[in-house]
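The values are calculated or read from the model by the stated rules, or taken from the named source; none is laboratory data. Everything numeric in this text was worked out from a predicted model, so none of it was measured. Methodologically, a virtual Cβ is constructed for each residue, glycine included, from the backbone with ideal geometry; neighbour enumeration extends over all protein chains shown.
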Amino acid sequence: MRAADAAEKASAHIDHLLSPYKAPLLVLMEETTEIELRWHLAQMVPRLNLTSRHRQRVLSVMQSYLSDPSSIVRTFAIEAQADLVERDDWLRPAVVSARKTGTSAMRARARKLLTKLETA
């Protein structure tokens, strides 16, 4: 968890830092059940240089994260989806559906992200 936290913080400032680790991060994102790791991966993976196919893969995993028991994981999954939509607008329906489900905080976050996407 500490390594994931450090990698997330560093990758927020140095966008290409995780590029060499894209394949293992995508696999880890799909396989991990650890809450702390999931929320950090949800923050990091959308920062990677992803192909359209990879973005679809990440979106699918983020959809599954919306069922996570942790509201933090679910919230970061919504944010990850919004980050993906910024690059591929055809992914927008996934974020729109998140606006209608989840806790009130998650719905509010989804509304804010959609507003941001619409003004961008």
Query - Only one of Asp83, Asp68 that is under 21 Å from Leu113 (Cα atoms) and touching a Lys or Arg at 6+ places or on another chain (Cβ under 6 Å) - result: Asp68
Report task. Output the qualifying pairs, or none if there are none: Cβ atoms under 6 angstrom, residues six or more apart or on different chains, first residue in region 35-52 and within 16 Å of Ile14 (Cα to Cα), second residue at pLDDT 95 or above and among the basic types (Lys, Arg). Result -> Leu48/Lys22
Report summary line: In region 33-61, residues that are more than 14 Å from the chain's Cα centre (by Cα), modelled with pLDDT of 95 or more and of a type outside the set (D, E, K, R) total 1
Requested in this report: Would you check which residues across region 20-42 are among the small types (Gly, Ala, Ser) and surrounded by 13 or more Cβ atoms within 10 Å (Cβ to Cβ) and list them?
Outcome: Ala42
